[in-house]
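Peer 1: Can you read through this structure? Questions will come right after.
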Amino acid sequence: MAAQKLPLAKALNESLRKALETDPKVLIMGEDVGKLGGVFRVTDGLQKDFGEDRVIDTPLAESGIIGTAIGLALRGYRPVAEIQFDGFVFPAYDQIVTQLAKMHARALGKIKLPVVIRIPYGGGIGAVEHHSESPEALFAHVAGLKVVSPSNSSDAYWMLQQAIQSDDPVIFFEPKRRYWDKSEVDTEAIPDPLHIARVVRDGSDLTLAAYGPMVKVCTEAAAAAAEEGKSIEVLDLRSMSPIDFDAIQTSVEKTGRLVVVHEAPVFYGSGAEIAARITERCFYHLESPVLRVGGFHSPYPPARLEEEYLPGLDRVLDAVDRSLAY
Amino acid sequence: MTVESTAARKPRRSSKRVSAAKKPQSSEPQLVQLLSPEGQRVEHPDYSIDLTSEELRGLYRDMVLTRRFDAEATALQRQGELGLWASLLGQEAAQIGSGRALRDDDYVFPTYREHGVAWCRGVDPTNLLGMFRGVNHGGWDPNTNNFHLYTIVIGSQTLHATGYAMGVAKDGADSAVIAYFGDGASSQGDVAEAFTFSAVYNAPVVFFCQNNQWAISEPTERQSRVPLYQRAQGYGFPGVRVDGNDVLACLAVTKWALERARRGEGPTLVEAFTYRMGAHTTSDDPTKYRHDDERAAWEAKDPILRLRTLLTEEAHADDAFFAALEEESDVLAKRVREAVRAMPDPDPMAIFDNIYADGHALVDEERAQFAAYQASFAEEGN
């Protein structure tokens, strides 16, 4: 396999397969990841090819999944744990925040915790409660964790490889509504580093910064704005911890305007952190305040309302217009 | 110390050795006991132990030195050298008995009170004091002595032990893993999940619960309606209650449970029935919630005194041994005292060390900013 078009979920599957082939210490564990191949089929066929010892169906206990993944990592394994849905991660939150994130520091660096936690996240699939949330800020806030999210198949493939190779715990948020979107994956390419942002569309009037499922919305918004003569630059941040502030700064110094877009609630969201830091770094370059588009300070709404809740083309363009109006 | 070679290997099913008349009265049901509170050897139908005089003296020495170290740490807290201390007073037999049942290649996941187990693993006692002094959060290399960092959040480590044991099984090794926790922790979801995971994966792990009767101010009755060892039955593995103040029984039962794990028979729950003679920590005041007469009743079951009685009455040790041990205790206490007082505060820049193994841009940025801020004071001072 060299370059080919793959759905994002299939790219993840290929990436996991590659990791299992390359490193005998890599394990996959989670609810329904084995025989079923995961509820989104991201691990489809892996147990059949690598056995129950390496692709492990776990009891339905998220804290147990992460707690035992920590123990396996201490024994020298590299577990890739799946949390079935974003809203199911919280029983494991204690193990992730209290144990996993801090253990390397508590041992003064003498032990490493190469644990990857894959979490399908975000809305837009018409799901029931607890299946559409975007809790990335709750993890990015915690020192000791790294948090990333791919927006396309190539990044899905490569960023997962890099996350598994990392000696740090990585929370890997998968944009579940993009699982079926196809884009090119070159498995022989030289990938960008894991934590850098990427310009996915050049522009000069305003910068749109997004990650995961919102990158597509932003590139579509930029294309729509172009028809009105507005030149929008789109940044795919890719990593929420660390955030590539240098890349955002470079873009904002050029455009003078920044709108950050995410599905997660705006309040205390990653957009707030970006706004604060970019205001500090680019104060004399900014033509308007940094604006944010995201979820409301509400529980994720029932599926029939999610179109209104999620930032779509119109809400992004509205923010673009408000920024340009300053 | 080589008690491994002579301790109980297998439960003995013969009941011929038991003499009901000789069996001491015990108020607790189904308590495995091999050494009575009065210092008499007793037989048990399922567990036995046969130790040399030297090995018995070794267990005694371990318990005495651990208690002396513990007392010194309490004193150091009172002197302001430590911010906090969690005393193990009264639990020496549970910790030394189980700790001496381990092989070097076994792995220990402790709470924050396993000073006696740490001693058995060869962890320098002064290493335990860093976190209580406030100079680190643990800091020792867990792989040096196969002794994980102290875990403060109750019960979390039982899952780490289970995962580690799953890894041991995957490696095809015959090592075992032991997870320490308390009666309070038995209520935690993580402990229940550890029981589930270890059972369904048949992980080679021993859950060693020191039921010291009190979770700060809450008695065990606040945690469970059934004796804790019976919890194991619901998960499909054996649970045993052992006299936690009987070092011989703790050694024999833990040894048996470890051997089960090594043979691929899966997890075991050992409930060591003991008593926290002191406060929960130096910040606690047990007079607010328990009576002195309860403590007095347990004092009569002291783990060290009963072994001393055995050593003396059966002539395993002479006065010279006890005198030398007292001297050794004082030397240890002095060494600990001096080491703690000499323990330097960490460099402020250590805040930024070891947060990530592969680095993190924000940490680098904040480190540089803080270094510049610190340096600005140095310049002012010049």
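Read the figures in this text as sums done on the coordinates, not as results from a lab. These numbers were taken from a predicted model, which means no experiment stands behind them. Because the Cβ atoms are built from the backbone with ideal geometry, glycine has one as well, and the counts that use them run over all protein chains shown.
Peer 1: For A:Gly269, what is the net charge nearby, where nearby means another residue's Cβ is under 11 Å from its Cβ and Lys, Arg count +1, Asp, Glu -1? All intermediate terms of the calculation are to be shown ahead of the outcome.
Peer 2: On the way: positive: A:Arg292; negative: A:Glu136, A:Glu263, A:Glu273.
Value of the local net charge: -2.
Peer 1: Please give the FRET efficiency for B:Thr287 paired with B:Asp353, using the beta carbon to beta carbon distance and R0 = 30 Å, rounded to the nearest 0.05. Before the final figure, lay out each step's value.
Peer 2: Working: r = 42 Å, r/R0 = 1.40.
So, using R0 = 30 Å, E works out to roughly 0.10.
Peer 1: Turning to a different aspect of this structure: Rg(Cα) of the range B:91-204 divided by 2.2 N^0.38 Å? Walk me through the numbers on the way to the answer.
Peer 2: On the way: Rg = 13.8 Å, N = 114, 2.2 N^0.38 = 13.3 Å.
Compactness ratio reported: 1.03.
Peer 1: Can I ask one more? Estimate the FRET efficiency between A:His285 and B:Ser376 by the formula 1/(1 + (r/R0)^6), using the beta-carbon distance for r and 41 Å for R0, to the nearest 0.05. Display every interim value, and only then the final one.
Peer 2: Numbers: r = 27 Å, r/R0 = 0.66.
Efficiency at R0 = 41 Å is approximately 0.90.
Peer 1: Okay, next question. Only bridges with both residues in the range A:3-186 count here: give the DSSP antiparallel percent, nearest 5.
Peer 2: On the way: 5 of 25 bridges.
Close to 20 percent.
Peer 1: Then there is this: What GluC sites (Glu not before Pro) does the range A:108-195 have in DSSP loop regions with at most 14 other beta carbons within 10 Å? Each step should come with its number before you reach the end.
Peer 2: Working: sites: A:Glu129, A:Glu133, A:Glu136, A:Glu184, A:Glu188; in loops: A:Glu129, A:Glu133, A:Glu188.
Here the GluC sites (Glu not before Pro) that fit, given the DSSP loop and packing criteria, are A:Glu129, A:Glu188.
Peer 1: Please compute the Kirkwood hydrodynamic radius over chain A, one decimal place, Å, based on all pairs of different Cα atoms. Each step should come with its number before you reach the end.
Peer 2: Working: mean 1/r = 0.0500 Å⁻¹.
Evaluated on chain A, it is 20.0 Å.
Peer 1: So, in nm, how far is label B:Leu305 from label A:Glu307 when the simple model puts each one 7 Å beyond its Cα toward the Cβ?
Peer 2: Computed distance between label sites B:Leu305 and A:Glu307 equals 8.0 nm.
Peer 1: Give, as a single signed number, the net charge of other residues whose beta carbon lies under 10 Å from the beta carbon of A:Ser134, with Lys and Arg counted +1 and Asp and Glu -1.
Peer 2: Working: positive: none; negative: A:Asp86, A:Glu133, A:Glu136, A:Glu263.
Local charge sum for A:Ser134: -4.
Peer 1: How much length is gained if the chain between A:His141 and A:Asp202 is pulled fully straight, taking 0.36 nm per residue apart and subtracting their Cα-Cα distance, in nm to one decimal? Write down the numbers at each step before the final one.
Peer 2: Working: separation 61, 0.36 × 61 = 21.96 nm, distance 3.01 nm.
Difference between extended and current length: 19.0 nm.
Peer 1: Next question. Using amide H atoms built in the peptide plane, which far-off residues or other-chain residues are under 5 Å from A:Ile28 H to H?
Peer 2: Under 5 Å from the amide H of A:Ile28 lie the amide H atoms of A:Val55, A:Ile56, A:Val80, each far enough along the sequence or on another chain.
Peer 1: Out of the range B:248-281, which trypsin sites (Lys or Arg not before Pro) are coil in DSSP terms and have no more than 16 other C-beta atoms within 10 Å?
Peer 2: Working: sites: B:Lys255, B:Arg260, B:Arg262, B:Arg263, B:Arg276; in loops: B:Arg263, B:Arg276.
The qualifying sites are B:Arg263.
Peer 1: Hey, another quick one. Report, in cubic angstrom per residue, the convex hull volume of the C-alpha atoms of chain B.
Peer 2: Details: hull volume 62.0 nm³, N = 382.
Residue-normalised Cα hull volume stands at 162 Å³.
Peer 1: Find out how many positive minus negative residues lie around B:Arg61, taking Lys and Arg as positive, Asp and Glu as negative, among other residues whose Cβ is under 13 Å from that of B:Arg61.
Peer 2: Details: positive: B:Arg57, B:Arg67, B:Arg68, B:Arg100, B:Arg308; negative: B:Glu54, B:Glu55, B:Asp62, B:Glu92, B:Glu326, B:Glu327, B:Glu328.
Within the 13 Å Cβ shell, the charges total -2.
Peer 1: Which loop trypsin sites (Lys or Arg not before Pro) in the range B:203-241, with loop taken from DSSP, have no more than 10 other Cβ atoms within 10 angstrom of their Cβ?
Peer 2: Details: sites: B:Arg222, B:Arg225, B:Arg231, B:Arg241; in loops: B:Arg225.
Counting only loop positions with at most 10 other Cβ atoms within 10 Å, the trypsin sites (Lys or Arg not before Pro) in the range B:203-241 are B:Arg225.
Peer 1: Extension gain B:Val331-B:Asp171, at 0.36 nm per residue separation less the Cα-Cα distance, in nm? Mind dumping the intermediate values first?
Peer 2: Numbers: separation 160, 0.36 × 160 = 57.60 nm, distance 4.21 nm.
Extra length from B:Val331 to B:Asp171 when fully extended: 53.4 nm.
Peer 1: In nm, to one decimal, how far is the modelled label at B:Arg78 from the one at A:Glu228, with both set 7 Å along Cα→Cβ?
Peer 2: 7.6
Peer 1: Please work out whether the range A:3-186 counts as rounded, prolate or oblate from its C-alpha gyration tensor, where a ≥ b ≥ c are the square roots of the eigenvalues and a/c under 1.5 means rounded, while otherwise a/b larger than b/c means prolate and anything else oblate?
Peer 2: Details: a/c = 1.44, a/b = 1.23, b/c = 1.17.
Note, shape of the range A:3-186 comes out rounded.
Peer 1: Another question, then. For the protein assembly as shown, take N as its residue count and report Rg(C-alpha) divided by 2.2 N^0.38 Å.
Peer 2: Values: Rg = 29.3 Å, N = 708, 2.2 N^0.38 = 26.6 Å.
Dividing the Cα Rg of the protein assembly as shown by 2.2 N^0.38 Å gives 1.10.
Peer 1: 222 nm [θ] for the protein assembly as shown, helices only, -39500 (n - 2.57) per DSSP H run of 4+, per residue, to 500? Don't skip to the answer; put the middle values down first.
Peer 2: Details: 24 runs with 274 residues, N = 708.
-12000 deg cm²/dmol, from helical runs alone.
Peer 1: For the pair A:Val128/B:Ala297, report the inter-label distance in nm, with labels modelled 7 Å from Cα in the Cβ direction.
Peer 2: 5.1
Peer 1: Which FRET efficiency value, to the nearest 0.05, is calculated for B:Gln40 and A:Thr98 with the Förster distance at 60 angstrom and r the Cβ-Cβ distance?
Peer 2: Values: r = 46 Å, r/R0 = 0.76.
The pair B:Gln40/A:Thr98 has a calculated efficiency of 0.85.
Peer 1: How would the range B:301-382 be classified by its alpha-carbon gyration tensor: rounded, prolate or oblate, with rounded meaning a/c under 1.5 and the a/b versus b/c comparison settling the rest? If you can, show how the numbers build up before the last one.
Peer 2: Values: a/c = 6.46, a/b = 2.98, b/c = 2.17.
Since a/c reaches 1.5 and a/b is larger than b/c, the shape of the range B:301-382 is classed as prolate.
Peer 1: Separate question: What full-extension length gain, to one decimal in nm, is calculated for B:Glu314 and B:Thr144 as 0.36 nm per residue of separation minus the Cα-Cα distance? All intermediate terms of the calculation are to be shown ahead of the outcome.
Peer 2: Values: separation 170, 0.36 × 170 = 61.20 nm, distance 3.76 nm.
Difference between extended and current length: 57.4 nm.
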